[in-house]
1. Among A:211, A:173, A:161, pick out the residue whose Cα is farthest towards the positive end of the charge dipole of segment A:158-226, where Lys and Arg carry +1 and Asp and Glu carry -1 on C-beta, about the Cα centre.
2. So which cysteines in chain A don't have a second cysteine's C-beta under 4.7 Å from them?
3. Could you pull out every one of the aspartates and glutamates with an alpha carbon less than 15 Å from that of residue B:78, ignoring same-chain neighbours closer than 8 positions?
4. Would you mind working out the magnitude of the charge dipole of the protein assembly as shown relative to its Cα centre, with +1 at each Lys and Arg C-beta and -1 at each Asp and Glu C-beta, to the nearest 20 Debye?
5. Ranked highest first by average number of other Cβ atoms within 10 Å, how do A:46-59, A:84-97 line up?
6. Using the Karplus curve 6.51 cos²θ - 1.76 cosθ + 1.60 with θ = phi - 60°, what ³J(HN,Hα) values do you get for each residue of segment A:94-111, in whole Hz, with x for Gly and Pro?
7. Residue by residue, what Karplus-based ³J(HN,Hα) values in Hz, rounded to whole numbers, does segment A:54-65 have, using 6.51, -1.76 and 1.60 with θ = phi - 60° and x for Gly and Pro?
8. What pairs in A:27/B:54; B:59/B:109; A:11/A:47; A:20/B:109; A:20/A:220 have C-alpha atoms more than 30 Å from each other?
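Bear in mind that the values in this text are calculations on the coordinates, not laboratory data. These numbers were taken from a predicted model, which means no experiment stands behind them. So basically every Cβ, Gly included, is an ideal-geometry build from the backbone, and we count neighbours across all protein chains shown.
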Amino acid sequence: MMEEVKVIEIKKSVFAENEKDADALRKELKNKGVYLLNLMSSPGSGKTTTLIRTISLLKDKLRIAVMEADIDSNVDAVRIKEATGIQSIQLHTGGMCHLDAEMTRQGLDNLDLSDIDLVVLENVGNLVCPAEFDTGSCRNAMILSVPEGDDKPLKYPLMFSVCDVVVVNKTDVLPYFDFDLEKCRANVRMRNPQARVIPICAKTGEGVDVFADWLLEDVKNWKQNK
Amino acid sequence: MHELGIVFYIIRDVKAAAEENHVERVSGVVMNIGEVSTIVPEYLTDCWRWAADKETMLKGCELKINIVPAVTFCGDCKKEYETVRYGRTCPYCNSEHTWLLRGNEVEIKEIEVPNT
Ligand SMILES: Nc1nc2c(ncn2[C@@H]2O[C@H](COP(=O)(O)OP(=O)(O)O)[C@@H](O)[C@H]2O)c(=O)[nH]1
Ligand SMILES: [Mg+2]
Ligand SMILES: [Zn+2]
């Protein structure tokens, strides 16, 4: 015998709830005067190295904390703390390939935000899933490293379309790779005409000041228009 | 594993919808999955089986997938074409000034509940 069924229409994107959570979190952070930067990239593009350089340039100007997301290790949070001395915690995603707004909120609950201007979230190394899940951050930045190729924006369009800044890292190896910076800019522009492209070398620190200046300015603006 | 994460969001939404509708058991969930949404349907149904059976309300509940074909629109010649076949570049006028109209959905279309 066939079981009769009743159909209830839902018609709702799986990402909709997360987007609501993210908007709510963003609003709360705005009220608290805390700026959250979501930093994304493939594994090994240089997120942690870039962060350490950036924090060193900004730590006298801004009160900074870092949340390191990783599937299960503690290495990055320890690296940040040892190199910069700032408040840094590790978030374990328990096998998840991204962080969503709820997980980000739980992470923030573990930080003392009372005297913090800027929180940087180092997202899970992956160009697909983090792009689909709004974390509630004020801005998204991503790092593309030279060995990954200048055509990445074409292969991962969503990631590039959600980012306000694209940092091109490892410029020291440009001579060894067939990576065309102008082509890369054009590819980013095609996906996201508003995005800023900032070439850096996190290893030597070259160009990191441009990124740090952008961030400082943006944090100030954001805190002012409260 | 991207699909497992997605399954947890589906479960959360389905449970909320069931509650809203005062339903105690859900026997089917129908999804609209876009052709270029990056979701692999077989992985999604595998993950679903594993996770849904852990939920009393969703034991044995079947996940049905409608694939939504991806269609791109060309801003220059105003024509539509198959995304998967032609990609970013318009096959009619060679323009790159194109955008996806549909095919990116990860959407719960409806739920089915036993009619008692
Ligand atoms: N050659 C070169 N290597 C770099 C640069 N920045 C980072 N690396 C190296 O890339 C590897 C991964 O860096 P890490 O910051 O841990 O990347 P994450 O996984 O994105 O956090 C490390 O071995 C770094 O030393 C750079 O500008 N040039
Ligand atoms: Mg890292
Ligand atoms: Zn055309």
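1. A:161
2. For chain A, the answer is A:138, A:163, A:184, A:201, because their Cβ atoms have no other cysteine Cβ under 4.7 Å.
3. B:96
4. On the way: 42 positive and 55 negative charges, 176 e Å.
I would put it at about 840 debye.
5. Values: A:46-59: 21.9, A:84-97: 17.2.
The packing order, highest mean first, is A:46-59, A:84-97.
6. Per residue, the Karplus-derived 3J(HN,Hα) values read x, x, 6, 8, 7, 10, 10, 5, 5, 5, 5, 4, 4, x, 4, 4, 8, 10 Hz.
7. Result, ordered by residue: 5, 4, 4, 6, 9, 6, 8, 9, 9, 8, 10, 9 Hz.
8. Working: A:27/B:54 35 Å; B:59/B:109 20 Å; A:11/A:47 37 Å; A:20/B:109 19 Å; A:20/A:220 26 Å.
Check vs 30 Å cut-off fails for A:27/B:54; A:11/A:47.
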